[in-house]
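**Q** Attaching a single structure in structure tokens format; questions to follow.
The values are calculated or read from the model by the stated rules, or taken from the named source; none is laboratory data. These figures come from a predicted structure and were not determined experimentally. No Cβ is skipped: glycine too gets one built from the backbone with ideal geometry, and neighbour counts run over all protein chains shown. Quick note on the areas: whole protein, heavy atoms, side chains included, nothing else; ligands and nucleic acids left out. Shrake-Rupley method; radii C 1.70, N 1.55, O 1.52, S 1.80 Å.
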Amino acid sequence: MTELDTNYPDPISDNRLIDNHNRPITYLRLAITDRCNLRCRYCRPEEGVPFISHDEILTFEELEHLVTIFCALGINKVRVTGGEPFSRRGCMPFLTRLQKIDGVQHLHITTNGVKTSRFLDELAVIGLDSINVSLDTLDYKRFWKITRRDYLEAVLQTVHGVLARDIPLKINSVVLKDTTDDEIIQLAKLARDFPIAVRFIEKMPFSGTVRSGKLENGNLSQRLKRLFPAIEKETYVLPTTARIFSMPGYKGKLGIIQGYSRLFCSTCNKVRITPTGMMKTCLYDNGVLNLKSMLRKGAGDQEIESAIINCVQNRCISGHEAELNAKRGKEPSMASIGG
Ligand code: SAM
């Protein structure tokens, strides 16, 4: 088994994406679709959200063009997400092409694992740096209740397939108000038995429904300390969104991502592109630049570069500020942003 990769790339010296708060931007997240084969209740309302029409979504060619521009500016890490990336036909060949773009030094995906196992051989061949699998419970009934689908078996097949191929693996687990201590303990056992970073995530206001406006799952670090009294050292390799803990005798690590509390904004190195081609300089903003419109109106690379730099130089200091400025009554669905 491989060692866990909890290191994040260092900013490169000729990075032209340094924001107005002196944070280098080296990480681009691409949400390549809004479609998903799960209906997680914290991500979409039961009745669903209207799908975005195909011509509103960036083509793979447009995405590759944008990645080339971002890499020329200093991005070296790219994560492909969604919706569910493998719900979009052509995702695997797209990943293969992305890996070859000059400047893409680290390529990662975030997936729900439902359809992923059939692509694992190819993912191993292209040398994907890591896979994040989202998995909120190991209990079949709860899986159904949370995702409104019955695919836990397929997700577990992906988890074991990733381990068998030595691809570094993280599991992202959203902690909901009814997540039990036992569910957390069962998930943590994956880190005990395998070299997996199991990261527990605060639920964020991206459910596609009316705003609840409060943190529903309490203090995650206190909860982990109560459940795992022997929890040890905390390793911070900046920049990172996760706080990572080790446990004696565990092959993997435990972690928490405090995306609601937003404790990591001061080192945030990410920008995002949504399926419709909006650039976001914060998960909590409404989108700051319409890249699709620029591309489709024939803007040249230099014009697009300047517009990106301008947005990065006007970045909110924190997710709290970005959310305040966004003035939303309703929570957007995370499927339209990519997490
Ligand atoms: N379909 C892929 C998956 O499930 O990993 C990628 C897209 S999904 C939107 C990315 C991540 O966002 C998942 O780990 C998911 O659990 C997380 N997520 C979605 N809605 C969330 C919310 N309201 N709060 C916290 N995390 C959320």
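**Q** Among the residues of the range 290-299, are any surrounded by 18 or more Cβ atoms within 10 Å (Cβ to Cβ) and within 16 Å of the ligand (Cβ to nearest atom)?
**A** Looking through the range 290-299, none of the residues is surrounded by 18 or more Cβ atoms within 10 Å (Cβ to Cβ) and within 16 Å of the ligand (Cβ to nearest atom).
**Q** Please determine, by comparing only the residues of the range 300-339 that are more than 20 Å from ARG23 (Cβ to Cβ) and at pLDDT 95 or above, which one is least open to solvent (accessible area, probe 1.4 Å).
**A** ILE304
**Q** Right, THR241: open to solvent by 20 Å² or more (accessible area, probe 1.4 Å), of a type in the set (S, T, N, Q) and free of Cβ contacts under 8 Å to residues at least 40 places away in the same chain or not?
**A** Answer is yes for this residue.
**Q** Determine whether the range 194-217 contains at least one residue that is open to solvent by 20 Å² or more (accessible area, probe 1.4 Å) and in a helix (DSSP H, G or I).
**A** Within the range 194-217, none of the residues are open to solvent by 20 Å² or more (accessible area, probe 1.4 Å) and in a helix (DSSP H, G or I).
**Q** If you don't mind, another one. Which residues, counting only those in the range 72-119, are touching a Gly at 6+ places or on another chain (Cβ under 6 Å) and in a helix (DSSP H, G or I)?
**A** Residue satisfying the conditions is SER117 alone.
**Q** May I pose another question? Give the residues of the range 309-339 that are among the polar types (S, T, N, Q) and either more than 12 Å from LYS280 (Cα to Cα) or in contact with a strand residue (DSSP E or B) (Cβ under 8 Å, 6 or more places away or on another chain) (or both), sorted by residue number.
**A** ASN310, GLN313, SER318, ASN325, SER333, SER336
**Q** All but one of (1) touching a residue at least 40 places away in the same chain (Cβ under 8 Å); (2) more than 13 Å from the ligand (Cβ to nearest atom); (3) open to solvent by 40 Å² or more (accessible area, probe 1.4 Å) hold for TYR151; which doesn't?
**A** Going through (1) touching a residue at least 40 places away in the same chain (Cβ under 8 Å); (2) more than 13 Å from the ligand (Cβ to nearest atom); (3) open to solvent by 40 Å² or more (accessible area, probe 1.4 Å) one by one, TYR151 breaks only (2).
**Q** Could you grab the pairs with beta carbons closer than 8 Å, sequence gap of 6+ or different chains, first residue in the range 115-127 and in contact (Cβ under 8 Å) with a residue 60 or more places away in the chain, second one open to solvent by less than 30 Å² (accessible area, probe 1.4 Å)?
**A** LYS115/ASN37; LYS115/GLU84; LYS115/PHE86; LYS115/ALA154
**Q** Here is a further query. Residue check, VAL159 against (1) part of a helix (DSSP H, G or I); (2) closer than 24 Å to ASP34 by Cα; (3) open to solvent by 30 Å² or more (accessible area, probe 1.4 Å), all met but one. Which one?
**A** Among (1) part of a helix (DSSP H, G or I); (2) closer than 24 Å to ASP34 by Cα; (3) open to solvent by 30 Å² or more (accessible area, probe 1.4 Å), VAL159 violates only (3).
**Q** How about the range 120-142: which of its residues are in a helix (DSSP H, G or I) and either within 16 Å of the ligand (Cβ to nearest atom) or out of contact with any helix residue (DSSP H, G or I) (no Cβ under 8 Å at 6 or more places or on another chain) (or both)?
**A** LEU120, ASP121, LEU123, ALA124, VAL125, LYS141, ARG142
**Q** Something else about it: Report, by residue number, each residue of the range 18-39 that is open to solvent by 20 Å² or more (accessible area, probe 1.4 Å), at negative phi and assigned to a loop (DSSP other than H, G, I, E, B).
**A** Across the range 18-39, the qualifying residues are ASN20, HIS21, ARG35, CYS36, ASN37, ARG39.
**Q** Also, I was wondering about something else. Let me spell it out: the conditions are (1) more than 16 Å from the ligand (Cβ to nearest atom); (2) not in a helix (DSSP H, G or I), and ILE52 meets all of them except one. Which number is the exception?
**A** For ILE52, the failing item is (1).
**Q** In this structure, is LEU224 open to solvent by 50 Å² or more (accessible area, probe 1.4 Å) and touching a residue at least 24 places away in the same chain (Cβ under 8 Å)?
**A** Criteria not met by LEU224.
**Q** So which of GLY277, GLY259, GLY252 ends up being within 16 Å of the ligand (Cβ to nearest atom), open to solvent by less than 20 Å² (accessible area, probe 1.4 Å) and small (Gly, Ala, Ser)?
**A** GLY259
**Q** Which of the residues spanning the range 165-183 are outside any strand (DSSP E or B), polar (S, T, N, Q) and buried (at least 19 other Cβ atoms within 10 Å of the Cβ)?
**A** THR179
**Q** May I ask you to list the residues in the range 154-163 that are more than 15 Å from the ligand (Cβ to nearest atom) and touching a residue at least 40 places away in the same chain (Cβ under 8 Å)?
**A** Correct list: GLN157, GLY161, LEU163.
**Q** With (1) within 16 Å of the ligand (Cβ to nearest atom); (2) touching a residue at least 24 places away in the same chain (Cβ under 8 Å) as the list, and GLY329 as the residue in question, which single condition is left unmet?
**A** Condition not satisfied by GLY329: (1).
**Q** Additional query: If LEU4 satisfies all but one of (1) within 15 Å of the ligand (Cβ to nearest atom); (2) under 18 Å from LEU107 (Cβ atoms); (3) modelled with pLDDT under 85, what's the number of the condition it fails?
**A** (1)
**Q** Any residue that is of a type in the set (Gly, Ala, Ser) and away from the ligand (no atom under 13 Å from the Cβ) - is there at least one of those in the range 79-98?
**A** Taking every residue of the range 79-98 in turn, at least one turns out to be of a type in the set (Gly, Ala, Ser) and away from the ligand (no atom under 13 Å from the Cβ).
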